[in-house]
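In what follows, a structure is listed as structure tokens, so that the remarks can point back to it.
The values are calculated or read from the model by the stated rules, or taken from the named source; none is laboratory data. Please read all numbers here as calculations on a predicted model, not as lab measurements. Cβ placement follows ideal geometry from the backbone for every residue including glycine, while neighbour counts extend to all protein chains displayed.
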Amino acid sequence: MAIHVDLSELQSAAVEQLIRAHVVKPQAQDVLFKVSKKVFGSCLRQRPKSAVAVSAEELKELNEFLGKSRRAVDYSVWKRIRCSNCKKMLTFYDIFCSGRKLHGDSYIKRFLGGDEYHIHVQRRGGKMEVTCAACSTVNLVVTGYDGPEY
């Protein structure tokens, strides 16, 4: 489980600086930051060029499940990881589906549904099982920032 921190009412520049510090030097646990829409958008603009967004089909299913109308880039992962079996580039959708199986729908909707915005910073060297939505292979993904891009 992650540490949950609500920063949504704080000064945007300070929140961005704090998140950046956690990305570069992660904590021992995952951190889920609740942020303002402004901070969320700013963080998206700072993502690496190599970030992977969901497909149009994945976007439709995510938005329907979460009751949102977000863009594909809003559901992006910053690390490029291919399925060990079919070589599909894993996306946030694969992580989302894996999270639903692990945590259940109500947990996922709590943090991803509605009008709130969250930034998830993974712990360095953590391991996460991500099931490929295309071929059902379970991939062991090492999490955390690989630098130097932020």
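Against the list (1) closer than 26 Å to Asn139 by Cα; (2) loosely packed, with under 12 Cβ neighbours inside 10 Å, the condition Val52 fails is (2).
In this structure, Ala21 does satisfy being out of contact with any Phe, Trp or Tyr (no Cβ under 8 Å at 6 or more places or on another chain), assigned to a helix (DSSP H, G or I), at pLDDT below 95 and farther than 17 Å from Tyr117 by Cα.
Among the residues of the stretch 1-18, the ones that are in contact with a Phe, Trp or Tyr (Cβ under 6 Å, 6 or more places away or on another chain) and part of a loop (DSSP other than H, G, I, E, B) come to 1 in all. If the condition is being out of contact with any strand residue (DSSP E or B) (no Cβ under 6 Å at 6 or more places or on another chain), in contact (Cβ under 8 Å) with a residue 24 or more places away in the chain and assigned to a helix (DSSP H, G or I), then the stretch 24-41 contributes Val24, Lys38, Val39. Scanning the stretch 49-76 for residues that are outside any helix (DSSP H, G or I) and in contact with a Lys or Arg (Cβ under 9 Å, 6 or more places away or on another chain) turns up Ser50, Ala51, Val52, Ala53, Gly67, Ser76.
Applying the condition of being buried (at least 18 other Cβ atoms within 10 Å of the Cβ) and farther than 26 Å from Lys127 by Cβ to the stretch 55-75 and asking which residue is nearest to the chain's Cα centre (by Cα) yields Ala72. Applying the condition of being assigned to a loop (DSSP other than H, G, I, E, B) and over 16 Å from Cys86 (Cα atoms) to the stretch 130-150 and asking which residue is modelled with the highest pLDDT yields Thr143.
Can you name the residue in the stretch 100-129 that is surrounded by 13 or more Cβ atoms within 10 Å (Cβ to Cβ), touching a Leu at 6+ places or on another chain (Cβ under 6 Å) and not in a loop (DSSP other than H, G, I, E, B) and, of all such residues, is modelled with the lowest pLDDT? The extreme case among them is Leu112.
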